[in-house]
1. Work out how far the C-alpha atoms of region 116-180 reach from end to end along every principal axis, then list the three figures in whole Å, largest first.
2. Subtracting the Cα-Cα distance from 0.36 nm times the residue separation, let me have the gained length for I447 to I483 in nm, one decimal.
3. Could you work out the relative contact order of the chain? I mean the mean sequence separation of Cα pairs under 8 Å and 6+ apart, divided by the number of residues, in percent.
4. Cα atoms only, region 606-696: Rg and Dmax in Å?
5. Work out Dmax and Rg for region 321-384 from the C-alpha atoms and quote the Rg first, both in angstrom.
6. Compute the long axis of helix 423-446 from its Cα atoms, compare it with the longest principal axis of the Cα atoms of the chain, and write down the angle in degrees, 0 to 90, nearest 10.
7. Hey, if we sort F504, F209 by accessible area with the 1.4 Å probe, largest down, what's the order?
8. Nearest 10 degrees, 0 to 90: what angle lies between the long axis of helix 666-678 and the longest principal axis of the chain (Cα atoms)?
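The values are calculated or read from the model by the stated rules, or taken from the named source; none is laboratory data. Every value quoted in this text rests on a predicted model; they were computed, and no experiment measured them. Cβ coordinates were reconstructed from backbone atoms using ideal geometry, including for glycine residues, and neighbour counts include every protein chain displayed. Ligands, DNA and RNA are stripped out before the accessible areas are found, and what is left, the full protein with its side chains, is counted by its heavy atoms. Shrake-Rupley method; radii C 1.70, N 1.55, O 1.52, S 1.80 Å.
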Amino acid sequence: MYAWVAFPLLRIALLFSVGIVLAVELPLQISQNRILLILIVIFAIYLLFWKKYKQTKFFSLNTVFGLIAHLLIVMSGYAALMFHNDRNNRNHLLYQHNITSYQVRIIDEPEDKKKSVRCLAEVISVRDSIGWKSSVGNIFIYIRKGDEKPGVHYGDIVLISGSPDRTQPPKNPGEFDYQLYLSYKNVFHQDFIRQGEYSVIAQNQGYGFYSLAITSRKYLKEILHKYISHDRERVIAMALLLGTKNELTPEINEAYASAGAMHVLAVSGLHVGIVYGLMLFFFKRSQKGKIMRWVFLLITLSGLWSYALITGLSASVLRAVAMFSLMTIAKVINRNSNIYNTLAAAGLILLCFDPYMIMAVGFQLSFLAVFGIVYMTPKIYGMLSVDQYLLNKAWEVTSVSIAAQIATAPLVLLYFHQFPTYFFLSNLVVIPAAFAILATGIGLFAIAWIPYVNTFVAWILEKLIYLTNEFVFLIERLPNNTIDDLYINTLQSWMIILCIMLFFGWIYYKRSYQLIFITALIAIFVGVQEYRTYSNSQRKEVVFYAIGRHTAIDFIEGNQALLVTDSILIKDENKLRFHIKPKRLKSGIVGAVNHQVQHKVISRKIGKNEFIVWNGLRVLIIREFHREIENVNVDIVLVANNGITSISQLDNMKFERIIIDDTNRSYIHKKLLNQAHDKALNVISLPLQGSYTLVI
């Protein structure tokens, strides 16, 4: 208990975080006023208890006093999220009905997509059958591109015809839950509109400083477009310098992920640290005088937060900027800051501003990485003594890299199911390269107006990025560059985190009970893994996936699976990875989805139709009506590609259920669904209900 005394803010931040997580996972169906009342009551009990028993030395009373204080902090976190959750506002868009049009304010820079422009907006008012009334709520507007580019900008007030749609949950098992992800940003609606369905009725209604940041980002993008000629180097420069990642290709993302260097592409704490280091270097002398220290503080804070605004205010950047801001303030007022308290204070400030930030993967990875670097690096570095200067520096960088990778490994496995094996090698080059690229890029922005010099600096920048890319792609080509298909659940990730903390605690304290706990955790971890493996080995199931414009059926037995789909989907690795891979990983099936294995499937073509028999289950895929299938006896009929236009075409066929997928035209789908309901048939609509899993 006494070990916590030196880290009061760390304890407060952890308890506050517990309250937020409880509010996310176990939200109470009570009003904000009642939450506030509960908080006030606990605080009043705390004050009364403190006033009456503050002089007591009885341990039991002190324990009760401490528990009340802890409960107060937990409830503060709970209340913070409940008040931040827009769903608790009765004027929210969620509770508006029969909307015919609505007004929004664009609250972020519109993002250019392949077929549309995506705008994050906040609802101002809605119109229904009665008239206009005020409303609130965030929404993503997708404006389809036509002959002219949609003319919307940050701060515009836009009038939109029609009614917005609720965001949809994932349609396939294990698929990324985009609806849940958006809910953590208080976004519950989206709308796909065409030109002519909206009009800009006012402009420049946003915040001036954020508008300036967007304008600055556009100006800096134009500099990179003008002076960096090759596409690959330019998109990486925009990602690394400005945080613009939407133009990165899947090949670049895959290469950097395999090399364990993905943190370089996303503007993060590493980049903020480099910017902060450059500011310390250039303003080193200005920190001596009392007045100049305050000038340095003003310049540093302005520079850091301007950089955060220009790069998009990501969770990891906010963490780093908040942390360095607190460190700078402590330095100027001559206060010794404990790094753990500083880190906790940064997190606490951000979570008070946006409690949902704790659910962001970038936020979690960022804090774990810094904690790992601070806590583990000295212990890892001390394991090896290197006298030679350059080798010692290389070992320092490697120690930091190993510490960050170990600390973030549980979350990397949980969210991404892979682990880069050559991270220690790639970071030896990539981290110094990132420093050089960022410094050169800032230099280019500063002297972009000077002829000839700007071209020379841009040439250096492009070559630095080119060499970094070549090294990363070289690492990617090495054998076994990643360990793939590693599936763990949330409980197992916490077990790994506890094992790591106990292991490094044992290195420092050498207490035997820590090894006992580690052994117990490993045993439980292995037990959970073996139970999952056994359960998967006994599984026999068929999954009918809901993938737009594609028919896809997975026959899963034990650790083998066979995907029956069309020739287009089987070659689309991105769709396979997004829609089908998660289910297979959870089922313990490793390897590429499009790699076909030996399986107990009997398949026969009847024209364009396909008759499949697997473990006694008979499935008929109808892509066109054929006389040979009129009298068949099957378990499941899957209607695809407008194979039939009326349910009556199946009158002579015996079957248990009908499945209609998304390859049918919408009007045919609706017609078949209504007819099936009228005849009281067991019908499943994949577009409406999502995927269907049949356990054998």
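1. Ordered largest first, region 116-180 gives principal extents of 41, 35, 20 Å.
2. Numbers: separation 36, 0.36 × 36 = 12.96 nm, distance 4.38 nm.
So the chain would gain 8.6 nm between I447 and I483.
3. Working: 1039 pairs, mean separation 65.6, N = 696.
Here the relative contact order equals 9 percent.
4. According to the Cα coordinates of region 606-696, Rg and Dmax are 12.2, 35 Å.
5. Rg then Dmax for region 321-384, in Å: 13.5, 42.
6. 70 degrees
7. Numbers: F504 10, F209 125 Å².
From most exposed to least exposed: F209, F504.
8. The two axes meet at around 60 degrees.
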